[in-house]
Structure formats: structure tokens, C-alpha cells
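Before any comments, here is the structure.
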Amino acid sequence: MRNYSDELEADLREFFQVDLRDFWRGRLTFRQIGVYIKSLLKKQGRSTLLMALDPSAEWPHEAFLGARISDAMELSNYLFLKANLSGGESDQLELPQPLPRPGQPEEQDSSPEYDFASGEEVTNFFAQMGGL
């Protein structure tokens, strides 16, 4: 109650029409507050207390399913186009990025980009190594 009193007070008022100050007035018990909190923890995507405790709870389960479906459809379309376009056109396609989800850190591309040698450069390298 101490760390998330604002969120708890807002949720108690919104969902149960209970004033948290009633606890200090003797009209609300610890047991009642515990029951209300257990109920609030099941209201993913609606409870401000749950969102404060777990940022991934900002979305309801249906939103996560929608994001997964969207990501799968984009990947499916990408793979279809990659398989059916001619070489030059398919090389220009970029892999689709998944939708960002709440509670997940933003992916930072910390890995360096590698510049790979072409086939001709590899052949020349081994040809030089064979001549030594």
C-alpha cells in the first residue's frame, strides 16, 4: 500500500467504489483490501495498480494475441515475396520488425555490422595463399 497508494486508491474507487481513506476510518479492513487487490491483479489492461507493478500488463491478452497475429502475417508476406520475386527485387526487401510490446525493452542493435568478402575476394585470397 505504501509504494503504490495512488494507483491502489484510483483502482479501488473506479472498480469497487471504495474510498481508501475508509481504512483509516475503520470502515475497511486489511482482509477487504487484500480481496480487492487480488481482484485487481486479474484485470490486465485495465488496472493501474497492475500496470505499475508489471509494465507488460498495459495490454490485455487480446492485444498481445493481435500483435502476434500481425507479426506472423507480416513475416508470412515477407517470406512469400522473398520466394516469388526475382533476385534483384527480393534482395531489396527488409525483414519486418515485430510490433513493440509494453514491458519489453527496446531492442538495441549493439552488434556491429559485418562487411563480408565477396566470392571473388575469397578466391583471390586463397589464390595468393597457394602461391606462397
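How big is Rg to Rh over the chain, alpha-carbon atoms, Rh as the Kirkwood inverse-mean-distance radius?
1.35
With each pseudo-label sitting 7 Å past Cα toward Cβ, what's the Arg31-Asn77 distance in nm, one decimal?
In this crude label model, Arg31 to Asn77 measures out at 5.6 nm.
Note down the magnitude of the dipole of the chain about its Cα centre, charges +1 on Lys and Arg C-beta and -1 on Asp and Glu C-beta and zero elsewhere, to the nearest 20 debye.
On the way: 13 positive and 22 negative charges, 309 e Å.
Dipole about the Cα centre, nearest 20: 1480 debye.
Using only Cα atoms, tell me the angle between helix 61-84 and the longest principal axis of the chain; keep it within 0 to 90° and round to the nearest 10.
Helix 61-84 sits roughly 10 degrees off the main axis of the chain.
Along the positive direction of the dipole of the chain (beta-carbon charges: Lys, Arg +1; Asp, Glu -1; about the Cα centre), which of Gly87, Phe30, Pro102 reaches farthest?
Phe30
Considering only protein heavy atoms, what per residue accessible area in square angstrom results for region 7-132 with a 1.4 angstrom probe? Provide the component values of the computation, followed by the final result.
On the way: 9910 Å² over 126 residues.
Heavy-atom SASA per residue in region 7-132 reads 79 Å².
Taking only Cα atoms, what is the 0 to 90° angle, nearest 10, from helix 119-130's long axis to the longest principal axis of the chain?
60
Each residue of region 7-19 in turn: what ³J(HN,Hα) in whole Hz from Karplus with 6.51, -1.76, 1.60 and θ = phi - 60°, glycine and Pro shown as x?
Running phi through 6.51 cos²θ - 1.76 cosθ + 1.60 with θ = phi - 60° gives 5, 5, 4, 5, 5, 4, 5, 5, 8, 10, 6, 10, 9 Hz.
Which whole number in µm²/s is D for region 1-69 by Stokes-Einstein, with the Kirkwood Rh taken over Cα pairs at 10 °C and 1.306 mPa s?
Approximately 124 µm²/s, per Stokes-Einstein.
The values are calculated or read from the model by the stated rules, or taken from the named source; none is laboratory data. Predicted model only: the values in this text are computed from it and were never measured. Using ideal geometry, Cβ is built from the backbone for each residue, glycine included, and neighbour counts are taken over all protein chains shown. These accessible areas exclude ligands, DNA and RNA; they are computed on the full protein's heavy atoms, side chains included. Shrake-Rupley method; radii C 1.70, N 1.55, O 1.52, S 1.80 Å.
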